[in-house]
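The values are calculated or read from the model by the stated rules, or taken from the named source; none is laboratory data. The structure presented is a predicted model; accordingly, all values stated were derived computationally and were not measured. Cβ atoms come from the backbone with ideal geometry, glycine included; neighbour counts cover every protein chain shown. The accessibility values were calculated without ligands, DNA or RNA, using every heavy atom of the protein model including side chains. Shrake-Rupley method; radii C 1.70, N 1.55, O 1.52, S 1.80 Å.
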Amino acid sequence: MTAQLIDGRHLARRLRARFRERVAALSARGVVPGLAVVLVGDNPASELYVANKVKACADCGVRSFMHRFHMDCRETELLDRIAALNVERGTHGILVQLPLPPQINARRVLESIVVDKDVDGFHLYNVGALVVGNSIFPPCTPYGVQLLLETTGIDVAGKNVVVVGASNIVGKPMALMLLQREATVTVCHVKTRDLAQHTIHADILVVAAGKPGLIKAEMVKEGAIVIDVGINRMADGRIVGDVDFEPVRERASWITPVPGGVGPMTVTMLIENTLRSAERFADGEAFHPPQPFWQVPAG
Ligand code: NAP
């Protein structure tokens, strides 16, 4: 069996064409969606991710505003800026690019973003809402994976799903989202004993560990759907995922390539969340000045 490719670039293009229509509809109501991007320091990977996000905004007609801070900046400077963005009318989404330098408490910064503008979905309110299955803004990477899975036409309900990686931004929210769709979910992490013993039973295998070559063909069930979230830059400059792509492709039924799979969808779902936020403001579901998060209606 040779797996069919799940083409993230193609799906992202289709979604973005629809986004432009939503931007036009918002614009007819006098609303131009706006995303504030907060970047601390000059980490080359963060610079690249942010540049992609800014480009995607421009592509869809969403305004983006860069807020750059020096590597040595104080936490209060960030908190003050976020407080101002929280009440700024032209800003519908606030994104703080991670990681932040060690003098800054990332949790405190993420918690300072008003829930109505938390388009990355990292605020505790949105994390908790995910647990009960009605978050306003699902985190972008697992949200993108969910849409990629839908393109296969396979219902995840009742399937054995194995998620390799248990981070707060990918693995854990991914597991919650699939559990909500009635999959039987196993989450593996660095302490998991005999990883292959779990992965071999997966009808759907989602890998987000950041370890090139972690998943070999013999660890994959014949006919499985394999989603590779990993992004690893090799010494020769190649970008690869966590899955041994060619041999695994010979066993799986569907597989995402790296690059061109999950990556384009992550950025696209950020735009989806920003548009959803602008629509919530336009529809009177979100307000300036913001409500305390305990008064925000569930999504
Ligand atoms: P992370 O915070 O480093 O988390 C990695 C997770 O994988 C951790 O839970 C870790 O376990 C687990 N892990 C590491 N080695 C493992 C092993 N040998 N066996 C089993 N589990 C293992 O990384 P992340 O932010 O979730 O990102 C994961 C990967 O996805 C990275 O390559 C990142 O670049 C990529 N990524 C891609 C996108 C995209 O848009 N395509 C978006 C986000 C991230 P412990 O918890 O026990 O340490």
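Checking the a/c ratio against 1.5 first, then a/b against b/c, what shape does the Cα gyration tensor give for region 1-107? Since a/c reaches 1.5 but b/c is at least a/b, the shape of region 1-107 is classed as oblate.
Restricting the GluC sites (Glu not before Pro) of region 144-244 to loop positions (DSSP other than H, G, I, E, B) with no more than 15 neighbouring Cβ atoms within 10 Å leaves Glu182, Glu222. Shape summary: region 176-235 maps onto an equivalent ellipsoid whose semi-axes, from the alpha-carbon gyration tensor, are 20, 14, 12 Å in decreasing order.
Ellipsoid fit via the Cα gyration tensor, region 199-265: semi-axes of 19, 12, 10 Å, each the root of five times an eigenvalue, largest first. I want to verify a result. In a Gaussian network model of the chain, Cα cutoff 10 Å, which of these has the top mean-square fluctuation: Gly213, Gly263, Gly121? Highest fluctuation among the options: Gly213.
A simple count of charges around Ile215, restricted to other residues whose Cβ falls under 12 Å of its Cβ and scoring Lys, Arg +1 and Asp, Glu -1, yields +1. Excluding ligands, DNA and RNA, the accessible surface per residue across region 6-158 is 45 Å² with a 1.4 Å probe.
Protection proxy ranking of 77-84, 7-14, 142-149, by the mean of other Cβ atoms within 10 Å over each peptide's residues and highest first, is 142-149, 7-14, 77-84. Using a probe of 1.4 angstrom and keeping all protein chains present, the accessible surface of region 192-299 works out to 43 square angstrom per residue. In the elastic network of the chain, a GNM with C-alpha springs shorter than 10 Å, the most mobile of Pro33, Pro102, Pro259 is Pro102. Could you compute how fast region 91-195 diffuses translationally, taking Rh as the Kirkwood radius over C-alpha pairs and applying Stokes-Einstein at 10 °C with viscosity 1.306 mPa s? Give it in µm² per second. It comes out at roughly 107 µm²/s.
The local environment of Ala166, defined by Cβ-Cβ distances under 10 Å, has a net charge of +2 under the rule Lys, Arg +1 and Asp, Glu -1. For the chain, the Kirkwood hydrodynamic radius from C-alpha pairs, put into Stokes-Einstein at 25 °C and a viscosity of 0.890 mPa s, yields a diffusion coefficient of 124 µm² per second. Take the alpha carbon atoms of region 1-79, find their center, do the same for region 241-280, and report the distance between the two centers in whole angstrom. Taking the Cα centre of region 241-280 as reference, the centre of region 1-79 is 15 Å away. Here the chain is assigned +1 on the Cβ of each Lys and Arg and -1 on the Cβ of each Asp and Glu. Its dipole about the Cα centre then comes out at about 340 debye.
For the listed peptides 200-212, 60-72, 155-167, 237-249, a ranking on the average number of other beta carbons within 10 Å per residue, highest first, reads 200-212, 155-167, 237-249, 60-72. Using a cutoff of 8 angstrom between alpha carbon atoms and counting only pairs six or more residues apart, the relative contact order for the chain works out to 24 percent. Could you tell me what percent of the accessible area of the chain is made up of carbon and sulfur, with a 1.4 Å probe and every protein chain present? Carbon and sulfur: 55 percent of the exposed surface of the chain. Each distinct pair of alpha carbons in region 132-192 adds a 1/r term; the inverse of their mean, the Kirkwood radius, is 11.8 Å. Listed by number, the DSSP H helices of the chain that run 20 Å or longer by alpha-carbon position along their axis and have mean Kyte hydropathy of at least -0.5 are 44-60, 262-282. Estimated purely from DSSP H runs of n ≥ 4, each contributing -39500 (n - 2.57), the mean residue ellipticity at 222 nm for the chain is -12000 deg cm²/dmol once divided by its residues. Region 103-164 and region 82-102 have Cα centres spaced 18 Å apart.
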